[in-house]
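Here the structure comes first, spelled out in structure tokens, and everything after it is commentary.
The values are calculated or read from the model by the stated rules, or taken from the named source; none is laboratory data. Bear in mind that the values here come from a model prediction, so they are computed numbers and not experimental data. Here the Cβ positions follow ideal geometry from the backbone for every residue, glycine too, while neighbour counts run over all protein chains shown. Areas reflect the complete protein model, heavy atoms only, side chains present, ligands, DNA and RNA absent. Shrake-Rupley method; radii C 1.70, N 1.55, O 1.52, S 1.80 Å.
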Amino acid sequence: MHYRTKFLFTMGSMLGLLGMGELAGAGVTEGVAAYEQANYQVAYEELQPAAQAGDAMAQYYLASLYRFGKGVERDSQRATTWYRKAAEQGYARAQMALGLKYAKGCGVPYDRVKAYVWLQLAAAQGVDTAASIRDGLATDMTPGQIAEACAQVRAFPDLGNAQVSAAVYPMRIAEPEGGANAPALACADAPSSL
């Protein structure tokens, strides 16, 4: 084993034992690069430890490996688990992926309210595609379902990201154009992008 590699491996193991996974980022970078180069086995080997250590980006890419069966056996339940872990940490791409899973009933029960929640959280971070899908979903939702979703969005924990907090936490339900019976497309005060 090369001295530098051995040193990083040893230091990474020690920090991991201490709960200080700062070096996990190197594995994530290598894992994402391998994923993008379609070297899925290497991607898995690099991303899996970082995902286990709690890295949201690693969790998202690991979920994608399981979702599409790239380098691992396709497993919708594992994909959902990893997407959820990343989404709950505020990783926008994972929030969108989880929203899509609920919107389609793919690996989870079909649930418009949960789909709307995750898509709104992603949209609040500037994921325009999530906003478009959320708006389309809202056309088939009742005002009560939208109100419930917006309440869940407001209850989402503050993760210390000032931009996301500013976009998500001041939301309130606005009366949609056309009166109380018209569907609102988004929780009021939420910018479409940051």
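Using DSSP to define loop residues, name the chymotrypsin sites (Phe, Trp or Tyr not before Pro) in region 98-133 whose beta-carbon has at most 12 other beta-carbon atoms within 10 Å.
Y110
What's the local net charge at Q37, with K and R +1, D and E -1, over the other residues with C-beta under 13 Å away?
Value of the local net charge: -2.
What net charge is computed for the residues neighbouring G69, neighbours being all others with C-beta under 15 Å from the C-beta of G69, Lys and Arg scored +1, Asp and Glu -1?
Result for the local shell: +2.
What is the sum of charges around Q59, taking Lys and Arg as +1, Asp and Glu as -1, for the other residues whose C-beta is under 14 Å from the C-beta of Q59?
+2
Would you rank F156, F68 by solvent-accessible area, highest first, keeping every protein chain in place and using a 1.4 Å probe?
These residues rank, largest area first, as F68, F156.
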